[in-house]
Amino acid sequence: MVIAVSSVAMATFAHADLPGPAGTTLKAAAERSGRYFGFAMGADRLNDSGFQTIARREFDMLTAVNEMKPDATEPSQGRFDFSRGDALYNWAVQNGMRVRGHTLAWHAQQPSFWRNLSGSALRSAMISHINGVLAHYKGKIFQWDVVNEAFEENGSRRSSNLQATGNDWIEAAFRAARTADPAAQLCYNDYNIENWTYGKTQGVYRMIQDFKSRGVPIDCVGLQTHFTGGSSLPGNFQQTLSSFAALGVDVVLTEVDVTNASSSQYQGLTQACMNVPRCLGITTWGVRDSDSWRSNESPLLFDSGSNKKAAYTSVLNALNAASTTVPGTTTPTSGTPPTSVPPSSRPPTSTPPTSTPPTSRPPTSAPPVTGQWSACTATFRMVNSWGGGYQGEVIVTNNGSAALSGWTVRLTLASGQTLAQVWNGVNTGTSGAISVRNASYNGTVGGNAATNFGFLVNGSTNAAPGNISCTSP
């Protein structure tokens, strides 16, 4: 993360209707359209009750500020230290959140021993670092910023010790990350790439275009979105997002802060994301102004006294105004797992599948399976499948006019299948007959409205579950 001036957007893809009442928190409003709303947290906030109160209420995705960067996770060659990163990861999981990993390879905050290496030795050290970190977090991290800030403002590659190992170093990092953790989404992250006509934006765009054309595994682009000054939101910001998305990658806003928390700029950046189906979520770099690296510019949605600002309301309204549709499934890069994004604030409850689904296998077109009992209906939809399992979604619909105060869905997995991960729900059992009850935030379902949960299944078959039923207290 560095200070950024305004910088440099087109894609649509499949989605499924997900009606529901307006959200009263940032995460609830974002989840209505299958997106997340995240925040950055450092280990110094693990004892800050005021910070944590807001974080638990408002956010469903955590990014570690420094604790997962190369210098923190491998202080000396071959000796890894995940204590601070694990403390944040565990806090996120305990509070029903997922985690974005930041970052695996960067010209800054490198382990000191990297500075004494060059050429093939440095390249080997970078790959060993990626392998070591992802071996530890395999199946736990939703998205990794594999490479951070590798471009100059004019669109050329940044001069760095990593760049000096060869122009293919970024590609090598992504290939190593895919092999080390096939289940994680892999992102390139940078600042000043919000303005579509800016040189740096075009340089990153050309790299992503090249990677996609050659099958280099990359799933998303992170735009840091540090806006400074009174009018730094580019008028073509949405074009930037949609143009990256048109290449076949998702886009995420990863480190958002805005000078003086301009309501119009916060509303505009949120609206642009909501207008691009493959914009999966927004993360602010901190929670309160006092947490920000730009604290003297009052750039966040909560002031130092933990009060909501006007910009908070503008963001909440923009999230709630979004079409209640869930972003669909991305097309996997050759040899990689599906990059469908769960509409979730639930962390993995166990390790997601690490087997690689067949490259060309399209989503299963099996008809929905529906079960009804009492006041609600549970309808299953196969989102994606591969030889070793599938991703499913269950839509819970309130059949009456009075609100539900909770729900439980029961279903039976096929023989040999195991539940690997659940989001937007809490499961009992992992094989055979299982039940999934509502999470803390989606138990209330308005009259004739609906909510959903998703899950991953491992097994020798991708047969759909049976005996689906829904009950409400």
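The values are calculated or read from the model by the stated rules, or taken from the named source; none is laboratory data. Keep in mind the model is a prediction, meaning the values are calculated, not measured. Glycine also receives a Cβ, built like all others from the backbone with ideal geometry; neighbour counts cover every protein chain displayed. Quick note on the areas: whole protein, heavy atoms, side chains included, nothing else; ligands and nucleic acids left out. Shrake-Rupley method; radii C 1.70, N 1.55, O 1.52, S 1.80 Å.
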Sorted peptide list for 59-68, 408-417, 115-124, criterion being average Cβ within 10 angstrom, highest first: 59-68, 408-417, 115-124
Percent accessible area from carbon and sulfur atoms, segment 149-221, protein chains only, probe 1.4 Å: 46
So who's got an amide H within less than 5 Å of the one on Asn452, skipping anything under 5 residues away but keeping other chains? H placed 1.01 Å off N, in plane. Val396
Rounded accessible area of Trp91 (nearest 10 Å², 1.4 Å probe): 20
SASA check, Thr461, accessible area w/ 1.4 Å probe, all protein chains in place, rounded to nearest 10 Å², comes out at 50
Carbon and sulfur: what percent of segment 233-330's accessible surface (1.4 Å probe)? 43
Compute the Rg/Rh shape ratio of segment 204-331: radius of gyration over Kirkwood radius, all on alpha-carbon atoms. 1.01
Theoretical gain in end-to-end length, Thr259 to Asn296 [0.36 nm per residue, Cα-Cα removed]: 12.4 nm
When the convex hull of the Cα atoms of segment 179-250 is projected onto a plane and the area is averaged over all directions, what value comes out in nm²? 5.1
Whole-percent carbon and sulfur share, accessible surface of segment 381-459, 1.4 Å: 47
Under a point-charge model restricted to the Cβ atoms of Lys and Arg (+1) and Asp and Glu (-1), what is the dipole moment magnitude of segment 69-228 relative to its Cα centre, in debye to the nearest 20? 260
Averaged per residue, what accessible surface does segment 82-179 expose to a 1.4 Å probe, in Å²? 35
Calculate the radius of gyration of the Cα atoms of segment 71-198 to one decimal place, then report Dmax, the largest Cα-Cα distance, as a whole number, both in Å. 14.9, 43
Using the Kirkwood formula on alpha carbons, the hydrodynamic radius of segment 19-114 in angstrom works out to 14.5
Highest mean first, how do 259-272, 238-251, 161-174 rank when packing is the count of other Cβ atoms within 10 Å averaged over residues? 238-251, 259-272, 161-174
Quick one: accessible surface of Ser323, probe radius 1.4 Å, all protein chains present, in square angstrom to the nearest 10. 80
Computed on alpha carbon atoms, what radius of gyration and Dmax characterise segment 421-463, expressed in Å? 12.4, 39
What whole-number value in Å² describes the accessible area per residue of segment 413-473 for a 1.4 Å probe? 37
So what are the ³J(HN,Hα) numbers for segment 431-439, from phi and the Karplus equation (6.51, -1.76, 1.60; θ = phi - 60°), rounded to whole Hz, Gly and Pro as x? 8, x, 7, 10, 10, 10, 9, 4, 6
Result for segment 18-58: accessible area per residue, probe 1.4 angstrom, in square angstrom, of 33
